[in-house]
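Just below is one structure, and these are the notes that go with it.
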Amino acid sequence: MEGEDEPSGGPMIDEEIYANGIGAGEEEKRSRPIISGEQLDVEAYASLYTGRTKITRLLFIADHCGNNQAMQLEALRMAYDEIKKGENTQLFREVVQKIDGRLGPNYTMDSAWCDTVDRRAEQKKEKLENELNAYRTNLIKESIRMGYNDFGDFYYAHGALGDAFKHYVRTRDYCTTSKHIIHMCMSAILVSIEMGQFTHVTSYVSKAEQLPDNNLDAITAAKLRCAAGLAHLEAKKYKLAARKFKRTGATPHFLETGPELANHYNEIIAPQDVATYGGLCALASFDRTELKNKVIDNLNFRNFLELVPEVRELINDFYSSHYASCLDYLGNLKANLLLDIHLHDHVETLYDQIRNKALIQYTHPFVSVDLRIMANAFKTSVGGLEKELEALITDNQIQARIDSHNKILYARHADQRNATFQRVLQTGSEFDRDVRSMLLRANLIKYEFNLRASRKP
């Protein structure tokens, strides 16, 4: 492997090789914390969330944990217990069907509970309808707003998300203050996220953010950034998502999320999620300068990264070009990330983008790279590495060619001398054109070959 400044190899190149994952000695062992590759602790994970999202995340784990029956049953047991604290009988019946008697007699169909809850729900619905009709008759805007809001809460609690969204949105016509509008937007965002309607999320985040800044407290602003980050993540706009998660504080996006969020949005997202989502999206989409300035040196986002040391370390390793260690962290985190309800569909794409960026960064400083050494650094075969590099070269992301016989990658650096001459010639042509244009204009004016504006009578 040859560097541009030291074509003969030597100590500097050897150090660079070791830094990229070869010859890891005692120093690397001391600097690397333990990689967490343990099975997901379902109970600890679920404790990070509240409300409906806690149940949906548990059911997602149960549906996607593969052949791990112990994890599946643990998730279903916790979901069963959590649902019994609420009033969603439809979801309760679905969970009982999934359990299918595997958790014993204490986790079977409780028809008496369902009948009681349904009967109480009918009575409450009738009461809410009577109250809302009375409010509409009296034309009291604040009471009508609260009536629709109560109906939205009722439907949300019973799992009728479409009806809940409809009633929350109806409060818009009866909002008299900015706080009312913000409350309406936050309720619509909550239900939209639960339904997976992220276009609605973006719309209502925008509505809330367009209000005067003094009406948005720090916590609400942080919540809006997280919601926007989730919407961008779902749309695979990873760079925008990263910015939202980073600025959940004094800046705007995931990286814009500040410490004031804390545990105030557990019905949607936990602080650990902000670190994970924002960190991975940043790795996949930011260049080195942005990674340094907006992630590593971001004091607000650093507070979130401390909650997930593995993500913090893989970001630092990536920036320091310790790719073997970085890929180790990613590999160990992958199984648990695939059980995340929002990240599941994006793990493979994010991992591919992060790996491609690592390959590009590895080859960038060198005139030539030994593929055998590079394959060891990335813990892959030479043949597999060749295919990855071929794809990047074809996509014009790496300017290089591969010597398949000697297993060497040669960089195609632009001819700087020729490029400089071309720029000089182009500049000269532009200057000549501008001077000719000015001389022509001067002569036209001199000999009065110009139209004068006619005076109005």
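Read the figures in this text as sums done on the coordinates, not as results from a lab. Everything numeric in this text was worked out from a predicted model, so none of it was measured. Ideal geometry is used to build each Cβ from the backbone, glycine not excepted, and the neighbour counts take in all protein chains shown.
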With point charges of +1 on the Cβ of Lys and Arg and -1 on the Cβ of Asp and Glu, referenced to the Cα centre of region 43-147, which listed residue (105, 80, 123) lies farthest in the positive direction of the dipole?
123
With labels modelled as points extended 7 Å from the Cα through the Cβ direction, what inter-label distance (nm, one decimal) is found for residue 403 paired with residue 391?
2.6
Could you work out the relative contact order of region 368-411? I mean the mean sequence separation of Cα pairs under 8 Å and 6+ apart, divided by the number of residues, in percent.
45
With θ set to phi - 60° and the Karplus curve 6.51 cos²θ - 1.76 cosθ + 1.60, what are the ³J(HN,Hα) couplings of region 304-317 in order, to the nearest whole Hz, using x for Gly and Pro?
6, 4, 4, 6, 10, x, 5, 5, 4, 5, 5, 5, 5, 5
Relative contact order for region 53-152 using alpha-carbon pairs under 8 Å, separation at least 6, rounded to a whole percent?
17
For 229-242, 380-393, ranked highest to lowest by mean beta-carbon neighbours within 10 Å, the order is 229-242, 380-393
Loop-located GluC sites (Glu not before Pro) in region 269-365, at most 15 other Cβ atoms within 10 Å (DSSP)
306
Provide the gained length on full extension for the span residue 319 to residue 443, in nm with one decimal, where the gain is 0.36 nm per separating residue minus the Cα-Cα distance.
38.6 nm
Computed FRET efficiency, Cβ-Cβ of residue 157 and residue 334, R0 41 Å: what is it to the nearest 0.05?
0.70
From the phi of every residue in region 200-208, what ³J(HN,Hα) in whole Hz does the Karplus formula 6.51 cos²θ - 1.76 cosθ + 1.60 yield, where θ is phi - 60° and glycine or proline is x?
5, 4, 4, 4, 7, 5, 4, 4, 5
Whole-Hz Karplus couplings 3J(HN,Hα) for region 78-88, θ = phi - 60° and coefficients 6.51, -1.76, 1.60, Gly and Pro as x, run 5, 5, 4, 5, 5, 5, 5, 7, x, 9, 8
Sequence neighbours fewer than 8 away in the same chain don't count; with that in mind, list the lysines whose C-alpha is under 21 Å from residue 127.
141, 166
Taking amide H atoms as placed 1.01 Å from N in the peptide plane, list the residues 5 or more away in sequence, or in a different chain, whose amide H sits under 5 Å from that of residue 400.
412
Counting Lys and Arg as +1 and Asp and Glu as -1, each charge on the Cβ, what is the dipole of region 259-365 about the Cα centre in debye, to the nearest 20?
340
Euclidean distance between Cα centres, region 43-72 to region 140-188, Å
29
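How much length is gained on full extension from residue 272 to residue 420, taking 0.36 nm per residue of separation minus their Cα-Cα distance?
Length difference between fully extended and current span is 48.3 nm.
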